[in-house]
Amino acid sequence: MRRRPLAALLAVLLLGGVASALVGVLRDRDPSGYPQRIGFERPSDPLPARPGVLAATFVDNDFGNARGLGVTASGDLFELPGDTALSPDGAVLLVQSWEWNGRFEVRDLVTGSITRVADLSRRLRIGPGVDWSPDNTLVLIDSTTHPRHDEGPSVVELDTGETTPLAEGTPAGFLSPTEVVTVTVGDALAVTTTDLDTGSSTAQPLVATDGWTGDPVNRPAASLSPDGRLLLLVEPGRDAVARLFSLADGREVWSVDVDNWDGCAPSWRGHDPVLPVRFEPGGGPQGWAGAEQLTADDAISLVAVHPRLQSRCLVLTSGALEAGPRWALFGTSTGLLTWYAGPAVVAAALALGVVALVVRRRRRGSERPVGQA
């Protein structure tokens with residue numbers, strides 16, 4: 001009777017190990033979605049010419065030697081070649097490399113093609129976020145992130161490098177391939193839509209439910225939902241406030257406090273904004289990044305990042321968010337033991353499986369009748 005509990009335990013461990021290994025194999029075959037867990041890896045392989053779509057980008061401080069990293073749906077990491085901005089579908093990467101004096105290039109991560117953009121380094125710099133047109137041919141860059149310029153946002157045609165400056169404001173995104181949206185903050189909030197073909201623009205006031213309390217010097221982060229119906233504004237500060245507005249009438253839909261926003265660009269999961277956050281239990285660079293899906297009632301953690309990575313600015317693509325999470329043992333738990341228990345379970349299951357097989361064969365040999373070959 002004592003053998004049955006042991007056999008049951010062995011079976012459970014074996015099934016757990018096999019299931020974990022099988023899920024890992026299936027996960028690596030599927031390029032869509034985003035990883036629930038990003039493990040520790042340092043150094044990482046350089047970004048290959050054709051890695052396929054990426055699910056996210058983030059930064060590892062690496063004890064002051066900061067390195068940008070691209071993340072695949074299965075959680076593999078690649079070191080990025082400079083300051084980068086990833087398209088919402090994860091297929092195109094805009095790179096500004098300081099090895100080339102800040103010049104820009106566009107990399108198609110699926111085909112491997114590379115297009116050099118006319119020298120924009122004197123006027124534009126990839127800052128905390130870049131907005132992409134729906135067809136990935138235009139980008140909206142905030143010119144004020146360049147230390148020598150304070151001219152407001154600019155639209156750049158990636159094929160030619162042609163630049164169209166816009167009126168002062170905070171970039172929010174593209175309403176269509178030829179319409180861009182910016183936000184102005186002053187005595188009142190307003191959202192402006194500019195037609196790139198005609199140059200005409202229309203402004204609409206935004207009405208915050210309890211009034212706008214944002215810092216007049218530090219502009220809010222702004223982001224337009226993929227369907228163009230909603231606008232997110234995040235008021236910077238020690239305790240940031242995320243406000244969601246309807247573009248139909250300019251009224252606030254809801255607002256929530258965000259106490260761990262790291263200042264990096266938002267993305268979207270359907271009608272819910274997703275903010276890069278940073279957890280700093282001990283303060284300083286030893287914290288780690290995360291991403292939270294915001295709703296009117298809750299903030300849902302989407303990704304767990306290994307705390308050894310000293311990470312920040314985890315920006316998930318809208319395409320990966322729409323495809324959904326890739327299952328992982330322990331999900332988004334950040335407990336220290338969870339980073340090492342998974343491999344231990346697989347190893348223990350395999351070891352116990354071998355032991356069980358050896359014991360079973362020995363028992364069969366000992367149970368054979370005397371004289372039987």
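The values are calculated or read from the model by the stated rules, or taken from the named source; none is laboratory data. Please read all numbers here as calculations on a predicted model, not as lab measurements. Reconstructed Cβ throughout: ideal geometry from the backbone, glycine too, with neighbour counts over all protein chains shown. For accessibility, only protein heavy atoms count, side chains too; no ligands or nucleic acids. Shrake-Rupley method; radii C 1.70, N 1.55, O 1.52, S 1.80 Å.
Tell me which residues, restricted to the stretch 150-173, are among the hydroxyl-bearing types (Ser, Thr, Tyr) and exposed (fewer than 14 other Cβ atoms within 10 Å of the Cβ). Lay out the reasoning, then the answer.
Quick first cut of the stretch 150-173, residues among the hydroxyl-bearing types (Ser, Thr, Tyr) only: 154, 160, 163-164, 170.
Answer for the stretch 150-173, where residues must be among the hydroxyl-bearing types (Ser, Thr, Tyr) and exposed (fewer than 14 other Cβ atoms within 10 Å of the Cβ): just THR160.
Regarding VAL180, is this residue more than 22 Å from LEU294 (Cα to Cα), surrounded by 15 or more Cβ atoms within 10 Å (Cβ to Cβ) and touching a Ser or Thr at 6+ places or on another chain (Cβ under 9 Å)? Reasoning before the result, please.
Values: more than 22 Å from LEU294 (Cα to Cα): yes; surrounded by 15 or more Cβ atoms within 10 Å (Cβ to Cβ): yes; touching a Ser or Thr at 6+ places or on another chain (Cβ under 9 Å): yes.
Yes, satisfied.
Within the stretch 278-325, work out how many residues are within 19 Å of SER223 (Cα to Cα) and in contact with a Cys (Cβ under 7 Å, 6 or more places away or on another chain).
Qualifying residue count, the stretch 278-325: 2.
Regarding the stretch 209-224, can at least one residue be identified that is basic (Lys, Arg), open to solvent by 10 Å² or more (accessible area, probe 1.4 Å) and at pLDDT 95 or above? Don't jump to the end; show me each part of the working.
Looking only at the stretch 209-224, we keep the residues that are basic (Lys, Arg), and these are 219.
Of the ones still in play, those that are also open to solvent by 10 Å² or more (accessible area, probe 1.4 Å) are 219.
Now drop any that are not at pLDDT 95 or above, which leaves none.
No, the stretch 209-224 contains no residue that is basic (Lys, Arg), open to solvent by 10 Å² or more (accessible area, probe 1.4 Å) and at pLDDT 95 or above.
I'm trying to understand the selection: among the residues of the stretch 230-257, which are surrounded by fewer than 12 Cβ atoms within 10 Å (Cβ to Cβ) and either over 26 Å from the mean Cα position of the chain (by Cα) or at pLDDT 90 or above (or both)?
Initially, the stretch 230-257 is screened for residues surrounded by fewer than 12 Cβ atoms within 10 Å (Cβ to Cβ), giving 238-239, 248-249, 257.
Scanning the stretch 230-257 gives ALA248, ASP249, ASP257.
Of all residues in the stretch 265-303 being at pLDDT below 95 and of a type in the set (Phe, Trp, Tyr), which is surrounded by the most Cβ atoms within 10 Å (Cβ to Cβ)?
Looking at residues that are at pLDDT below 95 and of a type in the set (Phe, Trp, Tyr), I get TRP288.
Only one of these conditions is not met by PRO273: (1) of a type outside the set (Asp, Glu); (2) under 22 Å from SER87 (Cα atoms); (3) out of contact with any strand residue (DSSP E or B) (no Cβ under 9 Å at 6 or more places or on another chain). Which number is it?
So PRO273 meets the others, but not (3).
Name the strands (runs of 3 or more DSSP E) wholly within the stretch 180-253 that hold at least 1 residues that are over 27 Å from GLY319 (Cα atoms) and in contact with a strand residue (DSSP E or B) (Cβ under 7 Å, 6 or more places away or on another chain)?
Details: elements: 189-195, 201-206, 221-224, 230-235, 240-246.
Ranges flagged: 189-195, 201-206.
Under 8 Å between Cβ atoms, at least 6 apart or on separate chains: pull out the pairs that start in the stretch 183-202 with a residue that is without any contact (Cβ under 8 Å) to a residue 12 or more places away in the chain and end on any residue that is of a type in the set (Val, Ile, Thr) and open to solvent by less than 40 Å² (accessible area, probe 1.4 Å).
Final answer for the pair search is SER200/THR194; THR202/THR192; THR202/THR193.
GLU105: open to solvent by less than 10 Å² (accessible area, probe 1.4 Å), of a type in the set (Asp, Glu) and more than 12 Å from the chain's Cα centre (by Cα), yes or no? Break it down into steps so the answer makes sense when it comes.
Values: open to solvent by less than 10 Å² (accessible area, probe 1.4 Å): yes; of a type in the set (Asp, Glu): yes; more than 12 Å from the chain's Cα centre (by Cα): yes.
So GLU105 fits the description; yes.
Using the structure shown, decide if LEU275 is in contact (Cβ under 8 Å) with a residue 40 or more places away in the chain and not small (Gly, Ala, Ser).
Details: in contact (Cβ under 8 Å) with a residue 40 or more places away in the chain: yes; not small (Gly, Ala, Ser): yes.
Taking the combined requirement at face value, the residue satisfies it.
Only residues that are more than 27 Å from ASP227 (Cα to Cα) and part of a helix (DSSP H, G or I): list them for the stretch 306-327, please. Before you say what the answer is, go through the steps one by one.
Let us first name the residues in the stretch 306-327 that are more than 27 Å from ASP227 (Cα to Cα), namely 306-312, 327.
Listed by number, the residues that qualify are PRO307, ARG308, LEU309.
Given (1) farther than 17 Å from HIS306 by Cβ; (2) crowded, with 17+ Cβ neighbours inside 10 Å, identify the lone condition not met by LEU77.
LEU77 satisfies all of (1) farther than 17 Å from HIS306 by Cβ; (2) crowded, with 17+ Cβ neighbours inside 10 Å except (1).
Given the conditions (1) open to solvent by less than 40 Å² (accessible area, probe 1.4 Å); (2) under 12 Å from the mean Cα position of the chain (by Cα), which single one is not true for ARG312?
(1) is the only condition that ARG312 fails.
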